[in-house]
1. Could you list which residues have their amide H under 5 Å from that of GLU207, counting only those 5 or more apart in sequence or on another chain, with H placed in the peptide plane?
2. Quote to one decimal, in nm, the extra length available between VAL381 and ALA126 on full extension: 0.36 nm per residue of separation minus the C-alpha distance between them.
3. Would you mind getting the accessible area per residue of segment 1-121, heavy atoms of the protein chains only, 1.4 Å probe, in Å²?
4. Taking a spot 7 Å from the Cα of THR332 along the direction of its beta carbon, which residues of segment 29-52 have an amide N less than 19 Å from it?
5. Per residue, how much accessible area does segment 342-489 show when a 1.4 Å probe rolls over the protein heavy atoms, in square angstrom?
6. Between LEU255, ALA267, GLY295, whose Cα lies farthest towards the positive end of the dipole of segment 253-295 when Lys and Arg beta carbons carry +1 and Asp and Glu beta carbons carry -1, centred on the Cα centre?
7. Enter the accessible area per residue of segment 140-223 (Å², integer; probe 1.4 Å; all protein chains in place).
8. Quick one: 3J(HN,Hα) in Hz for segment 153-167, Karplus 6.51/-1.76/1.60 with θ = phi - 60°, rounded, Gly and Pro as x.
Amino acid sequence: MTGAPSRLARRGCGVLLHPTSLPSRFGIGDLGKPAYQFADFLAASGHSFWQILPLGPPGYGNSPYQCLSSMAGNPLLISLEALVEEGWLSGADLKGAPLFPENFVDFESVIPFKQRVLRKAAETFAGKTSGTSRAEFEKFCSAREAWLDSFAQFMALKDANGGVSWTQWKRRSDADPRDVHVHKFIQFKFFQQWSALKQYCHARSIEIIGDVPIFVAHDSVDVWANPDLFDLDGDGNPQTVAGVPPDYFSATGQLWGNPLYRWEAMAKDEYSWWIDRVRASFEMADIVRLDHFRGFEKYYAIPGGATTAIHGKWMQGPGADLFHALIKALGTLNIIAEDLGLITPEVEELRERFGFPGMRILQFAFGNDSQADKFKPYNYVSNCVAYTGTHDNDTAVGWFSSEGKGDSTRTQQQVRAERQFAMEYLNSDGREINWDFIRTVLASVANTAIIPMQDILGLGSEARMNLPASIGNNWTWRFQEGQLKTEMGERLRKMTKIYGRWPEKGEKEG
């Protein structure tokens, strides 16, 4: 946003790891001690960036891309140990925790446990009528009043209606003030803990790369509080929904189901909702990856009620008008444009017009489709971000050894041909394919290289974060204490220096 240009403009590297994937006592990664240890690992190995997924409260499917709010924080990330240290919980409050698995998030047990304990902390806080904490809370609520009041009302009403989507609510007004307070307190603690972690990263010259999904969930405060901005029918249901036609990931396309915007209504007040949203995103992160950048030029509209994304049509998006409005209101935008999928010259022109770096995924370089050449490192430009893979990809090891299993877009013969070509291109024998991938993106001309944590750990498909167009065990992967070895950091440190990605002198001493 405003301020000094991002370090994306010069050589650097980082790691993609959502905080939910950190080790933790309570079933899901959080903003406690392991998050600070991971920041130390980044600093010691010469990384300048920590890339995360959206930090909002997840809704349908526990997806960070289907959040209940585009501006609130995820309560599940709050460190309970920190609340004990502050006196809002006692050690006894945590003794009834279930025996959580260590290598994945069991949302069905994590969510009710954390909700119960966070409510207890909020009730303890409510009994404190004065003091520094109370003053800080009131200041927080005042500063974020524009979105916090409606979010707390929405969540209190959602709780009162058994958690169902807002279009099915029987009770639609008069939320219990005590429930509203609970949700405001939870947001207060989330932002307090996130701000402390972010400052810790900054002290080690690490910038946070956040993620802004282009669309929001239908079951969200964004749609509930602003129905005139979305293409809804008289009952509040989407008339058209978002997705993409058949692509790398799915032969039937991806049916995301998010309601589409009424861009003409947003333009009337110079995109004020988007300005508020992007401003909030830059409070959480230093740089943001703008998901599905293609949709700002033209977006794919699928009829509401469709079961696949095969039948849809491309519609004109806001284009440059939106970005001019954002720049006018916010200044320089430190944005990464997620320019994957079916990209047209018009999309490339829009991205280049504003100087946003695009994305290059090494896994996509070895196929025989028309876009494969774009992802070969010899075709990279400096103003791009190179990835071994993303949260939507298999891991490097999983991709290399998959034999096409579970992949509807590639036959086994194609997978084997891609694997053979990858070995030849990377001069690899395949035994450490993850490190061959890492070395290649670090050595590339791309200013920025990002490595998913799973590739550093050398994990297979069991560690995949998301399989697009599927419902099930997505967003659950976690690594365990002891998996991240000292020698991995030393190996990264050496590569970071060899390939000119070590932070400049004065930022971080090595």
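The values are calculated or read from the model by the stated rules, or taken from the named source; none is laboratory data. This one's a predicted model, so the numbers in the text were calculated from it and none came from an experiment. When we count neighbours, we look across all protein chains shown, and the Cβ atoms used for this are built from the backbone with ideal geometry, even at glycine. Note: accessible area is taken over every heavy atom of the protein model, side chains too, but ligands, DNA and RNA are not part of it. Shrake-Rupley method; radii C 1.70, N 1.55, O 1.52, S 1.80 Å.
1. PHE49, TRP50
2. Details: separation 255, 0.36 × 255 = 91.80 nm, distance 5.43 nm.
Residue separation times 0.36 nm, minus the Cα-Cα distance, leaves 86.4 nm.
3. Details: 4340 Å² over 121 residues.
Heavy-atom accessible area per residue stands at 36 Å².
4. So the set is 48-50.
5. Working: 6400 Å² over 148 residues.
Result: 43 Å² of accessible area for each residue.
6. The listed residue farthest towards the positive side: LEU255.
7. Numbers: 3220 Å² over 84 residues.
For segment 140-223, the per-residue accessible area is 38 Å².
8. These are the phi-based 3J(HN,Hα) values: 5, 4, 5, 5, 5, 5, 4, 5, 9, x, x, 6, 4, 4, 5 Hz.
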